[in-house]
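**Student:** Next up is a structure, given as structure tokens.
Readers should treat all values here as calculations from the given coordinates under stated rules, not as data from a laboratory. Small disclaimer: the values here were computed from a predicted structure and weren't measured. With ideal geometry, Cβ positions are generated from the backbone for all residues, glycine too; neighbour counts draw on all protein chains shown.
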Amino acid sequence: MYSLLLLNGGIGSRIGANQPKQLLKVQGIPLLVYSLIAVDSVDAIDQIVLNYPRGWKKAINDVLQAYPVKTPVILVEAGKTRHASVADMLPYAKNDHVIIHESARPLISKDDFEKLIIAPQENVSYMLDIPFTVAPVNPETHTVTGSLERDNLRNVQLPQKFNKQHLLEAHQKSEQRGEQFTEDATLVASNGFPVFFINGNDYNIKVTTPLDITIATHLLQREHDNE
């Protein structure tokens with residue numbers, strides 16, 4: 001069985017709204033709800049650990065009351081960073097294996113979770129080919145500092161699954177070194193544990209900007225029309 005760590009602690013500063021982006025409604029439904037609905041029908045996930053921005057616990061509770069799910073939910077206050085939030089949520093996971101997702105990725109489905117779960121390896125992330133050229137730069141001097149081989153790079157997506165002990169040890173080692181990571185596949189791999197990837201899809205966007213809201217609305221409407 002798996003515990004889902006559902007990252008939901010951002011305040012959405014780049015969206016420019018007067019509330020966290022996960023509470024913004026797309027197709028009349030808060031962004032957070034799409035992930036809750038998708039995971040609630042996955043039999044192998046029997047616990048959701050959901051975090052929330054400081055000061056917004058009641059609002060998140062209100063969403064849970066309005067859109068109840070059968071999977072038990074534990075609420076945990078978000079840390080100061082994404083890295084810290086995962087570390088704070090891990091002690092509440094009751095299972096030996098965890099899945100990490102984020103409510104800012106509403107175009108997730110039951111099939112996406114189940115495909116990840118049946119992957120034979122313990123530590124697995126969705127990743128996507130990068131269709132454009134990327135380059136290392138010095139942002140202070142605005143100079144290009146080299147080149148990168150696109151075939152050896154991937155766009156990291158969520159969800160990801162991990163052996164909980166591997167993830168715990170990776171967080172502990174990184175804390176001892178004073179390191180911070182922006183996601184957990186590279187965190188776990190950088191700390192010596194094997195991490196594999198399976199191919200993601202370009203529908204699985206992360207809602208970060210107002211344009212992303214427009215795109216997500218269009219894609220979710222198209223999914224609804226095709227049902």
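**Student:** How large, in Å, is segment 172-216 by the Kirkwood hydrodynamic radius built from its alpha-carbon pairs?
**Tutor:** 13.2
**Student:** Quick one: putting +1 on the C-beta of Lys and Arg, -1 on the C-beta of Asp and Glu, what dipole do you get for segment 2-226 around its Cα centre, in Debye to the nearest 20? Please list the in-between numbers first.
**Tutor:** Numbers: 21 positive and 25 negative charges, 126 e Å.
Approximately 600 debye in magnitude.
**Student:** Would you kindly derive the ³J(HN,Hα) couplings of segment 188-203 from the backbone phi angles with the Karplus curve 6.51 cos²θ - 1.76 cosθ + 1.60 (θ = phi - 60°), listing them in order in whole Hz, with x for Gly and Pro?
**Tutor:** 5, 5, 5, 9, x, 9, x, 10, 10, 10, 10, 5, x, 9, 7, 6
**Student:** Let me ask something additional. Taking only DSSP H segments of four or more residues, each worth -39500 (n - 2.57), what value at 222 nm results for the chain once the sum is divided by all its residues, to the nearest 500 deg cm²/dmol? Walk me through the numbers on the way to the answer.
**Tutor:** Values: 7 runs with 75 residues, N = 227.
Helices in the chain give a 222 nm mean residue ellipticity of -10000 deg cm²/dmol.
**Student:** From the phi angles alone, apply the Karplus equation (6.51, -1.76, 1.60; θ = phi - 60°) to segment 166-177 and give each ³J(HN,Hα) in whole Hz, x where the residue is Gly or Pro.
**Tutor:** 4, 5, 4, 5, 5, 5, 5, 5, 5, 5, 5, 8
**Student:** Further, regarding this structure: Taking every DSSP beta bridge that has both residues in the chain, what percent is antiparallel when rounded to the nearest 5?
**Tutor:** The antiparallel fraction comes to roughly 40 percent.
**Student:** Name the residue from Pro20, Thr141, Ile198 whose Cα lies farthest towards the positive end of the charge dipole of the chain, charges +1 on Cβ of Lys and Arg and -1 on Cβ of Asp and Glu.
**Tutor:** Ranked along the dipole, the leading option is Pro20.
**Student:** Which ³J(HN,Hα) values in Hz, rounded to whole numbers, follow from the phi angles of segment 55-64 under the Karplus curve 6.51 cos²θ - 1.76 cosθ + 1.60, where θ = phi - 60° and Gly and Pro get x?
**Tutor:** x, 10, 4, 4, 5, 5, 4, 4, 5, 5
**Student:** With just the Cα atoms defining each centre, how far is segment 60-88 from segment 149-180? Give it in Å.
**Tutor:** Rounded to whole Å, the Cα centres lie 21 Å apart.
**Student:** With r defined as the distance between the Cβ atoms of Asn163 and Asp46 and R0 fixed at 22 Å, what FRET efficiency is calculated, to the nearest 0.05?
**Tutor:** After rounding, the FRET efficiency stands at 0.80.
**Student:** So how many Å³ per residue does the convex hull of the Cα atoms of segment 1-143 work out to?
**Tutor:** Spread over its residues, the Cα hull of segment 1-143 gives 161 Å³ apiece.
**Student:** Go ahead and run the numbers for FRET between Thr81 and Thr209, Cβ-Cβ distance against an R0 of 35 Å, rounding to 0.05.
**Tutor:** Computed FRET efficiency for Thr81 and Thr209 comes out at 0.95.
**Student:** Give, rounded to the nearest 20 debye, the magnitude of the charge dipole that segment 12-111 has about its Cα centre when Lys and Arg contribute +1 at Cβ and Asp and Glu contribute -1 at Cβ.
**Tutor:** Values: 12 positive and 9 negative charges, 99 e Å.
Here segment 12-111 has a charge dipole of around 480 debye.
**Student:** Calculate the radius of gyration of the Cα atoms of segment 101-227 to one decimal place, then report Dmax, the largest Cα-Cα distance, as a whole number, both in Å.
**Tutor:** Final numbers for Rg and Dmax: 17.0, 50 Å.
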